[in-house]
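K.L.:
Shown below is the structure under consideration.
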Amino acid sequence: MPEKPTQTLDEVTIRFAGDSGDGMQLTGTQFTNTTALLGNDLSTLPDYPAEIRAPQGTLFGVSGFQIHFGSKEIHTPGDQCDVLVAMNAAALKVNLGSLVDGGAIIANSDGFNDKNLKLAGYSANPFKDNSLQKYRVFEVDITKLTALALQDLNLSSKIVDRSKNFFALGMMYWMYNRPVDSTIDWLGSKFGGKPEIAEANIRVLKAGWNYGETTEIFNVRYQVGPAKLPAGKYRNITGNQATAWGMMAAARKAKLDLFLGSYPITPASDILHELSIYKNFNVKTFQAEDEIAGITSAIGASFGGALGTTTTSGPGLALKSEALGLAVMVELPLLCVNVQRGGPSTGLPTKTEQADLFQALFGRNGEAPIPVLAAATPADCFETVFEASRIALKYMTPVIFLSDGYLGNGSEPWLIPDFDKLPDISPTFRTKPEGFLPYLRDEATLARPWAIPGTPGLEHRIGGLEKQNITGSVSYDPINHETMVRLRTEKVARIANELPLAVVDGEKEGDLLVIGWGSTYGAIRSAIATARERGKKVSQVHLRYLNPMPKNLGEVLHKFKNILVPEMNLGQLSNVLRMRYLVPTIPLDKVQGLPFKSSEIEKKIEEILKGSS
Amino acid sequence: MSLLVEEATKSVAAPAPPKYSAKDFQSDQDVRWCPGCGDYSILAQTQRILPDLGIPRHKMVFVSGIGCSSRFPYYMNTYGFHGIHGRATAIASGLKLARPDLSVWVVTGDGDGLSIGGNHMIHLLRRNIDIKVLLFNNQIYGLTKGQYSPTSEKGKITKSTPFGSLDYPFNPASLALGSSASFVARTMDRDPKHMQLVLKRAAEHKGTSFVEIYQNCNVFNDGAFFKFTEKDTKDDQVVFIEHGKPLIFGKERNKGIRLNGFTLEVVSLSDGKYSVNDLLVHDETDTTLSFILADMTYKPHLPRPVGIFLANDRPCYDEEMTKQIDTARQKRGDGDMKKLLNSGETWVIN
């Protein structure tokens, strides 16, 4: 058979979609790892329902995984997909809207029987009524082909059925010229104890690959070359894993034990899972009885001289508010990680949002200033949470680190940092009894001494009641209270003295600055890149530090005629900027539980520049 | 424990256990409870027994929540943490897990420990972290000026229940036993000797020690326990339970408790029908028996049981956590962050 022609692409977006029990997240993750190993730049977006196994074939049970990869820089999981792998009718129905015109549908025809069609709300089979004419449709009976590949193995129908995602994966590996080796290795180690399952999946994976190779229906393959990324050693990493590792790295640098008090909550639980593995790093994970015990146990651990940390999502942060105030009052280091999700209340547990910025900045009783940092990309979670921990230890303060569901579950290639070159963290415990006063502050940082129980001669009491300046005794004195409120505020404000200034990407003044924070980074960056390709002048600032903000930010903002603030909330950063810097801002809000498409930001950029010229 | 902590806490002084007196545990703060409050006695008895424990003062931490009882740490010349309402048990849990070398005490009340902090309390008890819990039970909210508490008797008239409370009260000892506590005891503010004995036993117990202390709030609930604490009535109203001893009580020591099937009954030792040999003998290691004894608490025809209900050894969470870490370090060696960062599937771009 002649070799099929190969076409070279510089970027592709594939979406795997099926029932929540079909293993789409696993399929997507395997495709991602293989793609990362080939040196492509990439960005992923898992999109799954809150129900673990929603009723089969229903629209709300559809689970999706999108990967955008290329030989060029990739900043987002892709606005639309070029290829949709649909394991059943519901998956097609839910995801068709995100497929580009002319895109490819690879469908498991067995998932389109009458029952499936009815559950998905199709009155007729979409493959037969010409409704998919603008797409390239490939119908493959994946279920049957999987069964045939395994027919001599005497496996239960359940195992056979569970293997079919590997057929789809094999086909996609063939189509995009990816080797099957790393997935085979993975299956071997994953199912080491159950060789028959490993064998079945490997066989089906190869069958899918061979099907692509031999069948007539696919007549072209695609080649996506490696991206020109900075030289170095890479790995693929999700935001939650990067967060866990960043916390560990900070504790190691500081030569402290890491204590995590946490209550399971979507989408933050993976950080707890990850940290639970590394006991040999002196990581103590404590699955507490609730969110409040999670944070208060962490405060207790910090009192004892550990790096106390807690991880949660929005509803959990709400429960932790009072304890955050306690940490402000007792001035102990504490890291609080919030992997944001759609709110309010239970909201959209598995969907992403950035609507906890106000909660992080202001959500406490009394004047309770807390430094707030946010990561921009999955890999950036490492560096940002490390920095958040550094600040907590240096200034004896709770710090909130904001991630979100998209960052936490999303992944990207990561240039592995050199641990030795990470910033220094060197907390010291007070040991000298002479002149010790619990609230006698460091002149520069205003941090109070960290005097841990067990230290002879430093016996003292701390607590949530207002403290007398310097001595730390309980005090109800009105003037002292104001002094302490101002000192705590000043301590946090002073952090700005050592923070990097805001860096403008692009012209330093002009018609339009797009400013964002958190996970909107990729979409904003892509949108700006496109606008620049069209000859537009657009500048970008992306904030890691949300409290305190970089010292030059006001100056930067005032040099632009228009300030666009895209956010996955109703304008929280936008409002903060207006309040702090008295600048008019143009909010671009999206609260759909999904990240921005760069085209949505692009459109707004065009609109603003048209109006201002 | 990290090296940094070890360095900071290594004592420069001679390793000989310091000889303390009660006075050494008094802080420089004025005690501000109402005059006549039962809390004074608890503070005094605690300060009296601590010198006997052989633990250096700087290794002790008292953690509290909110309420009158929770001012306790301010009056102790040890390390102290006055936390937020109901969370002392959780703060203490984190502290003890981070620092197993410390002697960690929780001071709480019936509101702080059983109402707002009820959840943390039961979880601490089931985990059996090596923490000593002193629960001051005055059956009222004192600091908020007199509302009924989760241990107030049903029908209690208070500011928030002018027509009588509708809640049935917790029996703290039964609650603790039901949470699989390993040490459960009850004592009384007006019986200093007994309290010292119980506190010492609690301190020596390995695991969570739960001590309920009947404490008179002479402002908002005066005399709530007088029946059990005052000379005239005490002997007939209270049975002191002691390990290995039959349950005898009464002014003339002529009454006993007998187990009839699953039911306890009071029998007379003077009418010739029953002798000491017929009485129930306490075994503080017997969990089933502890439930039966604690259940006497609100039964009007039975005397109030006071003493150690249960003192049982079972693995402590903190020790097992340390073990897991030690095992992991033996098996995998001290964690190496550089290695971890470079582990798994990686690729190089030139």
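K.L.:
Report, by residue number, each residue of region B:149-179 that is crowded, with 19+ Cβ neighbours inside 10 Å and of a type in the set (Lys, Arg).
P.N.:
If the condition is that a residue be crowded, with 19+ Cβ neighbours inside 10 Å and of a type in the set (Lys, Arg), then B:LYS156 is the only one that fits.
K.L.:
Which members of region A:283-292 meet the condition of being part of a loop (DSSP other than H, G, I, E, B) and crowded, with 23+ Cβ neighbours inside 10 Å? Spell out how you get there, then give the answer.
P.N.:
Just the residues of region A:283-292 that are part of a loop (DSSP other than H, G, I, E, B), to begin with: A:288-290.
Scanning region A:283-292 gives a single hit, A:ALA288.
K.L.:
Condition first: touching a helix residue (DSSP H, G or I) at 6+ places or on another chain (Cβ under 9 Å) and either on the phi > 0 side of the Ramachandran plot or surrounded by fewer than 24 Cβ atoms within 10 Å (Cβ to Cβ) (or both). Can you find one or more residues in region A:300-308 that meet it? Write out each step before concluding.
P.N.:
Quick first cut of region A:300-308, residues touching a helix residue (DSSP H, G or I) at 6+ places or on another chain (Cβ under 9 Å) only: A:300-308.
Now narrow it down to the ones that are either on the phi > 0 side of the Ramachandran plot or surrounded by fewer than 24 Cβ atoms within 10 Å (Cβ to Cβ) (or both): A:305.
For region A:300-308, residues touching a helix residue (DSSP H, G or I) at 6+ places or on another chain (Cβ under 9 Å) and either on the phi > 0 side of the Ramachandran plot or surrounded by fewer than 24 Cβ atoms within 10 Å (Cβ to Cβ) (or both): present.
K.L.:
In addition: Taking B:GLU319 and the conditions (1) under 30 Å from B:LEU3 (Cα atoms); (2) surrounded by fewer than 18 Cβ atoms within 10 Å (Cβ to Cβ); (3) within 9 Å of chain A (Cβ to nearest Cβ), which numbered condition does it fall short on, given that it satisfies the others?
P.N.:
In the conditions (1) under 30 Å from B:LEU3 (Cα atoms); (2) surrounded by fewer than 18 Cβ atoms within 10 Å (Cβ to Cβ); (3) within 9 Å of chain A (Cβ to nearest Cβ), B:GLU319 misses (3) alone.
K.L.:
Follow-up. When the residues of region A:455-504 are filtered to those that are in contact with a Leu (Cβ under 6 Å, 6 or more places away or on another chain) and part of a loop (DSSP other than H, G, I, E, B), which remaining residue is nearest to the other protein chains (Cβ to nearest Cβ)?
P.N.:
A:GLY464
K.L.:
Still on this structure, I have one more. State all residues of region B:86-145 that are of a type in the set (Gly, Ala, Ser), out of contact with any helix residue (DSSP H, G or I) (no Cβ under 6 Å at 6 or more places or on another chain) and surrounded by fewer than 24 Cβ atoms within 10 Å (Cβ to Cβ); if no residue qualifies, say none.
P.N.:
Answer for region B:86-145, where residues must be of a type in the set (Gly, Ala, Ser), out of contact with any helix residue (DSSP H, G or I) (no Cβ under 6 Å at 6 or more places or on another chain) and surrounded by fewer than 24 Cβ atoms within 10 Å (Cβ to Cβ): B:SER115, B:GLY118.
K.L.:
Right, next: Is it the case that B:TYR141 is touching a Lys or Arg at 6+ places or on another chain (Cβ under 6 Å) and either outside the structural domain of B:GLY111 (by TED's automatic domain parsing) or hydroxyl-bearing (Ser, Thr, Tyr) (or both)? Quick ask: steps written out before the conclusion?
P.N.:
Working: touching a Lys or Arg at 6+ places or on another chain (Cβ under 6 Å): no; either outside the structural domain of B:GLY111 (by TED's automatic domain parsing) or hydroxyl-bearing (Ser, Thr, Tyr) (or both): yes.
When the stated conditions are applied, B:TYR141 does not pass them.
K.L.:
Scan region A:357-367 for residues that are small (Gly, Ala, Ser) and out of contact with any Ser or Thr (no Cβ under 9 Å at 6 or more places or on another chain) and jot them down.
P.N.:
Of the residues in region A:357-367, the ones small (Gly, Ala, Ser) are A:360, A:363, A:366.
Within region A:357-367, A:ALA360, A:GLY366 qualify.
K.L.:
Follow-up question, since we're still on this one. Which condition from (1) closer than 29 Å to B:LYS59 by Cβ; (2) within 8 Å of chain B (Cβ to nearest Cβ); (3) surrounded by fewer than 24 Cβ atoms within 10 Å (Cβ to Cβ); (4) in contact (Cβ under 8 Å) with a residue 24 or more places away in the chain is the one that A:ASP257 breaks?
P.N.:
Of everything listed in (1) closer than 29 Å to B:LYS59 by Cβ; (2) within 8 Å of chain B (Cβ to nearest Cβ); (3) surrounded by fewer than 24 Cβ atoms within 10 Å (Cβ to Cβ); (4) in contact (Cβ under 8 Å) with a residue 24 or more places away in the chain, A:ASP257 misses just condition (3).
K.L.:
Shifting gears a bit: Being surrounded by 15 or more Cβ atoms within 10 Å (Cβ to Cβ), more than 28 Å from B:ALA88 (Cα to Cα) and not small (Gly, Ala, Ser) narrows it down to one residue among A:LEU487, A:LEU446, A:LEU513, A:LEU501; which is it?
P.N.:
Every option except A:LEU513 fails the conditions.
K.L.:
Inside region A:412-454, can you point out the residues that are in a strand (DSSP E or B) and touching a helix residue (DSSP H, G or I) at 6+ places or on another chain (Cβ under 6 Å)?
P.N.:
From region A:412-454, those in a strand (DSSP E or B) are A:412-415, A:439; that's our starting set.
Listed by number, the list holds a single entry, A:PRO413.
K.L.:
Further question: The conditions are (1) in contact with a Pro (Cβ under 8 Å, 6 or more places away or on another chain); (2) within 20 Å of B:ALA181 (Cβ to Cβ), and B:LEU102 fails exactly one of them. Which is it?
P.N.:
(2)
K.L.:
Residues that are in contact with a Ser or Thr (Cβ under 6 Å, 6 or more places away or on another chain): find the strands (runs of 3 or more DSSP E) completely inside region B:83-191 holding 3 or more of those.
P.N.:
Working: elements: B:103-109, B:131-137, B:183-188.
Counting at least 3 such residues, we get B:103-109, B:131-137.
K.L.:
Related question: Can you tell me which residue within region A:319-347, out of those that are free of Cβ contacts under 8 Å to residues at least 60 places away in the same chain and within 10 Å of chain B (Cβ to nearest Cβ), is surrounded by the most Cβ atoms within 10 Å (Cβ to Cβ)? Break it down into steps so the answer makes sense when it comes.
P.N.:
Looking only at region A:319-347, we keep the residues that are free of Cβ contacts under 8 Å to residues at least 60 places away in the same chain, and these are A:319-323, A:343-347.
Remaining after also requiring within 10 Å of chain B (Cβ to nearest Cβ): A:322-323.
Numbers: A:GLU322: 18, A:ALA323: 30.
So, considering only residues that are free of Cβ contacts under 8 Å to residues at least 60 places away in the same chain and within 10 Å of chain B (Cβ to nearest Cβ), the one surrounded by the most Cβ atoms within 10 Å (Cβ to Cβ) is A:ALA323.
The values are calculated or read from the model by the stated rules, or taken from the named source; none is laboratory data. What you see is a predicted model, and the numbers here were worked out from it, not measured in a lab. No Cβ is skipped: glycine too gets one built from the backbone with ideal geometry, and neighbour counts run over all protein chains shown.
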